[in-house]
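Below is one structure, written out as C-alpha cells; comments come after it.
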Amino acid sequence: MDFQEMFKLQYTLDKRIEKEHGLTGQDLFNDKMLALLVEVGELANETRCFKFWSDKPASPRDVILEEFVDGVHFILSLGIVLGYNQDFEIPAPTNEKRNGSPTEKFLEVFDAASQLLKTRNREDYMKLFSVFLELGMILGFTWEDIFQAYTKKNEINHQRQDEGY
C-alpha cells in the first residue's frame, strides 16, 4: 500500500480544512481521536458483528469499505498531527492476524486508540494503524481495496468542502 501517497493526500485535505475553517495552528488531536472512535463505532454498526440478538445482515460490502476508509482518514490525520508520517511502512498482516473475530479486533482497535490517546508515541500510533488494517483484512478487504476506496473518498471529501459541507 502506498502510505506516502495516502499521507500526502490526507495532508492536503487537512490543511485545506484547517485553512477554510480557521483552525490553522490549533491542536486538533483530541477532536480527530474522537472522530476516529465515532467512525470505528459506525463501522462496527454497519458490520453488525456484535449484534448477536439480531438476524439482520451486515450492510453491503461497499458501505462497510467506505466506513472503514473514513477511519483510515482519521488515522492518517492523527499521524500527521504527531509527525509520524515520514518513512512510514506497515508490513502486511500475517495470515494469523487476518483471522479471528471482528468483535475482538474492534475491541483491539479501541484499546490501541485509547493507548495512543495517553502516550501519543510512535509505537502506539503504529500499533493502532496496524490493528486497524488487520481489522480491514478480517472484514475481507485487500490493500488495493483500501487504497482505491481511500483515494475515492478523499476526492469526495474535497468535493464536500467545495460544497460547504
Which fully enclosed helices (runs of 4 or more DSSP H) of the stretch 73-165 have 2 or more residues being among the hydroxyl-bearing types (S, T, Y)? 102-119, 122-138, 143-162
What about F50, is it in a loop (DSSP other than H, G, I, E, B) and either surrounded by 15 or more Cβ atoms within 10 Å (Cβ to Cβ) or in contact (Cβ under 8 Å) with a residue 24 or more places away in the chain (or both)? yes
For the stretch 78-88, check the following and say yes or no: at least one residue is closer than 20 Å to G140 by Cβ, open to solvent by 80 Å² or more (accessible area, probe 1.4 Å) and not aromatic (F, W, Y). no
Identify all residues within the stretch 137-165 that are buried (at least 18 other Cβ atoms within 10 Å of the Cβ) and hydroxyl-bearing (S, T, Y); write none if there are none. Y150
Failed item, numbered, when G71 is tested on (1) closer than 22 Å to F147 by Cβ; (2) open to solvent by 50 Å² or more (accessible area, probe 1.4 Å); (3) modelled with pLDDT of 95 or more: (2)
Look through K32, K56 and report the one residue that is farther than 15 Å from L135 by Cβ and not in a helix (DSSP H, G or I). K56
Qualifying residue in the stretch 47-59 (condition: acidic (D, E), modelled with pLDDT under 95 and farther than 26 Å from K15 by Cβ): no
For the stretch 117-136, enumerate the residues that are over 13 Å from the mean Cα position of the chain (by Cα) and not acidic (D, E). L117, K118, T119, R120, N121, R122
Scan the stretch 6-26 for residues that are of a type in the set (D, E) and either within 15 Å of I75 (Cβ to Cβ) or touching a strand residue (DSSP E or B) at 6+ places or on another chain (Cβ under 6 Å) (or both) and jot them down. D14
Got at least one residue in the stretch 12-29 being open to solvent by 50 Å² or more (accessible area, probe 1.4 Å), within 25 Å of L107 (Cα to Cα) and either acidic (D, E) or in contact with a Cys (Cβ under 9 Å, 6 or more places away or on another chain) (or both)? no
Counted residues, the stretch 42-71 - those being among the aliphatic types (A, V, I, L, M) and under 12 Å from F106 (Cβ atoms): 2
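The values are calculated or read from the model by the stated rules, or taken from the named source; none is laboratory data. As the structure is a prediction and not an experimental result, all values here were calculated from the model. When we count neighbours, we look across all protein chains shown, and the Cβ atoms used for this are built from the backbone with ideal geometry, even at glycine. Side chains included, ligands, DNA and RNA excluded: accessible areas come from the protein's heavy atoms. Shrake-Rupley method; radii C 1.70, N 1.55, O 1.52, S 1.80 Å.
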